[in-house]
Every structure is written in structure tokens, then in C-alpha cells.
Amino acid sequence: MEEGASAQTKGESKEDVRQSKRWTIWMECEAGTKSGRSFFIEDGALQWIVQNTNNEAAPIKLHMELALCHLAQHEVNAKDMISGGALWELVQISRDCSREDIQRLAPRTLSSISTFTYELGRLLIDC
């Protein structure tokens, strides 16, 4: 197997993996160039990203977890992420992600955004 390539798992297609990688690349580009609400949130893609954080295919799951962490780094996205169910997914990522770097990024991101900090305190959730 080539370096950087991953074995396909049950329920995962090459197109699914390609699509998740495209989203992650777009997310990384957007993070450095746009101010204001994310294009993903404006286009209604947040729900799709949240749903795919539970994808059985490990590469897709990791790309979606990373995408949520990138979206969460911007205060302007926080309210949409909370109402879209992403807050709980970020808490789950901070507790149980197979990649240690993403697992450390999630709580650091949550604690740096005041809207998330307030909501976690209100719900008595510690991460």
C-alpha cells in the first residue's frame, strides 16, 4: 500500500474518501481567507458534516472531525454549531478521537470560544 493511502473499510467508497478530503482542504483554505460565517454553514452543509462525524469509514470520520474543529475556531460560527448539534460532537471528539492531535484540538478550541464555554457551563459539561 502506498504511503498516505488507507485501506477501504466496509461502507466506504473511494468517492466518499475523495469528497471528505475535498471538504477538509476547502475548510483549511476557508479558515485563513474568510471572515464572517463559514460558507459551509451558510450553504447548510453543517448538518452533513455533523452526520459524517459518525461515519464507519475512518478516513471520512477523521476528516469530518477535523472540519468541525476548524469551523469551531471562529466565534461567528458558534451559535450555528450549537443549534446544529456540533457542540456535542466536539465534546465527543475531545473525549474519544483516534487521532491524538485532533483529540487535543477539540477541547482547546471549545475553551477558546466564549459562546462554547458559556454553553458547556450552562449544560454542566466538562471536556
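Laboratory data are not the source of any read-out in this text; all were calculated from the coordinates shown. All values reported here derive from a predicted model rather than from experimental measurement. Ideal geometry is used to build each Cβ from the backbone, glycine not excepted, and the neighbour counts take in all protein chains shown.
For region 48-83, backbone nitrogen atoms closer than 20 Å to the point 7 Å from D96 Cα along Cα-to-C-beta are found at 49-69. Taking label positions 7 Å along the Cα-Cβ direction at both S13 and Q73, the computed distance is 3.1 nm, reported to one decimal. Rounded to the nearest Hz, the phi-derived 3J(HN,Hα) couplings of region 44-56 under the Karplus curve 6.51 cos²θ - 1.76 cosθ + 1.60 (θ = phi - 60°) are x, 7, 4, 4, 5, 5, 4, 4, 7, 5, 10, 5, 5, where x marks glycine and proline. Rounded to the nearest 0.05, what FRET efficiency is calculated for R104 and A58 with R0 set to 22 Å and r the Cβ-Cβ distance? It comes out at approximately 0.75. Once the Cα-Cα distance is subtracted from the 0.36 nm per residue extended length, the W48 to S83 segment shows a gain of 11.2 nm. Here, P(r) means the percent of Cα pairs in each 10 Å bin from 0 to the largest distance; for region 32-127 it is 17, 54, 28, 1.
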